[in-house]
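Colleague: Okay, handing you the structure first.
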Amino acid sequence: MEMVNIPIWAWILFYILVLIMLLIDLKSFGKKGQHEVGVSEALKMTAVWIGVSLVFCGGIYLWYPADSHEKAMEFLAGYLIEKSLSMDNLFVFLMLFSFFGVKNKYQHEVLFWGIFGALVLRSIFIFAGTAMIAQFEWILGLFGLFLIYTGIKMFSHKDDEQVDPSKNIFVKLFKKFFPVTDQMHEDKFFIIENGKRLATPLFITLLVIETTDVAFAVDSIPAVFSVSRDPFIVLTSNIFAILGLRALYFALAAVAKYFTYLKYGLGIILSFVGVKMLLAMNEYVNAASELIGLNINMPHIEVPTTWSLAIIFGVLVMSMLLSVWISRTKTN
């Protein structure tokens, strides 16, 4: 996986493009406090975001300065990994909105700022991860082991155990230093009451979503590094997948009951990319095994990006179809 030095102006141009798209999204989709976002509207905007991502991928294919075809495939694989993992995360957001009693017409406001915060945090994590890998390549092996562990754990993880807002340490700390009202005040994050500024449950919801995304990033960012070590590809595929989450949430919320088995497909995907990482890090794995008295002599195996893309897409589609089929069978 070749590392390409992208000029600073390209990074600046990309972030300007992202900000413009976010502003367009805020103005045109789910306008603040005006209406509840319907499934039809959400599906149209989801299609628009996917289309924009594919256009950007086409730009990589045509103009990327080195190995453009491979980089386009890496972008697609990274985008698909992040998008598939984000689908599971959206079900957690659905639970959070239910827990805090956030009405549908105010949810898009929380999601917008939640996605904006996620873009900032993901950028920091990816740049830090790239710097760490450049200095200590063996960290990729630890990423691989962690992804395998996480993938296996998803098979035994209960949905209602994924997140408990009442136990969120950041919420506890925030409440110690800032007063919070128990009453929802439409789409306001803060209110002034008796001369005192109070945070509303809507802001607490946003705080939980932001901190929960940090935990999600621990899985998704190492997974994207399994298909590319190019920071520009890792960052852009991650961000484009996140940009369409607000629309995707409202599309999935209406059919959430049909995707109860999606997590098993995601578990397989995480385990696959973890194994893929370890196979490419054979010299470190062999060295570590020798330290504990083993001689496994694992060969170096590079799984082609096109194969990775096909496997990830196939597992995702099969798990979704299986979820729908089993859900319909149970209701009949």
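Colleague: For region 301-324, how many residues meet the condition of being open to solvent by 80 Å² or more (accessible area, probe 1.4 Å) and modelled with pLDDT under 85?
Modeller: The number of residues fulfilling the criteria is 1.
Colleague: Right, another one. Determine whether M95 is open to solvent by 20 Å² or more (accessible area, probe 1.4 Å), within 28 Å of M45 (Cα to Cα) and at pLDDT below 85.
Modeller: Here the answer is yes, as M95 does meet what is asked.
Colleague: What's the number of the only condition in (1) more than 15 Å from the chain's Cα centre (by Cα); (2) hydroxyl-bearing (S, T, Y); (3) within 30 Å of A131 (Cβ to Cβ); (4) assigned to a helix (DSSP H, G or I) that T212 fails to meet?
Modeller: So the condition that T212 fails would be (1).
Colleague: Take region 53-95 and flag every residue that is under 15 Å from L316 (Cβ atoms) and either of a type in the set (A, V, I, L, M) or in contact with a strand residue (DSSP E or B) (Cβ under 7 Å, 6 or more places away or on another chain) (or both).
Modeller: L76, A77, L80, I81, L85, M87, L90
Colleague: Restricting to region 38-65, name every residue that is open to solvent by less than 20 Å² (accessible area, probe 1.4 Å) and either among the polar types (S, T, N, Q) or modelled with pLDDT under 85 (or both).
Modeller: Passing the criteria: A42, T46, S53.
Colleague: Right, another one. For region 98-116, enumerate the residues that are open to solvent by less than 60 Å² (accessible area, probe 1.4 Å) and closer than 13 Å to R246 by Cα.
Modeller: Result: Y106, Q107, H108, E109, V110, L111, F112, G114, I115.
Colleague: Further, regarding this structure: Report those helices (runs of 4 or more DSSP H) wholly inside region 225-300 carrying at least 1 residues which are acidic (D, E) and either open to solvent by 10 Å² or more (accessible area, probe 1.4 Å) or in contact (Cβ under 8 Å) with a residue 12 or more places away in the chain (or both).
Modeller: So the answer is 282-291.
Colleague: Step by step: first the residues of region 136-161, then only those that are closer than 13 Å to V285 by Cα and not hydrophobic (A, V, I, L, M, F, W, C), then the one that is modelled with the highest pLDDT. Which residue is that?
Modeller: Among them, the one singled out is G144.
Colleague: Looking only at residues that are more than 20 Å from L235 (Cα to Cα) and in contact with a helix residue (DSSP H, G or I) (Cβ under 8 Å, 6 or more places away or on another chain) in region 129-148, which one is surrounded by the fewest Cβ atoms within 10 Å (Cβ to Cβ)?
Modeller: Here the answer is W138.
Colleague: Looking at V120, V52, which one is without any contact (Cβ under 8 Å) to a residue 60 or more places away in the chain, under 15 Å from I239 (Cβ atoms) and not in a loop (DSSP other than H, G, I, E, B)?
Modeller: None of the other options fit; the residue is V120.
Colleague: Confirm whether I233 is modelled with pLDDT of 85 or more and in contact with a strand residue (DSSP E or B) (Cβ under 9 Å, 6 or more places away or on another chain).
Modeller: no
The values are calculated or read from the model by the stated rules, or taken from the named source; none is laboratory data. These numbers were taken from a predicted model, which means no experiment stands behind them. Cβ coordinates were reconstructed from backbone atoms using ideal geometry, including for glycine residues, and neighbour counts include every protein chain displayed. Just so you know, the surface numbers come from the protein's heavy atoms only, side chains and all, with ligands and any DNA or RNA stripped out. Shrake-Rupley method; radii C 1.70, N 1.55, O 1.52, S 1.80 Å.
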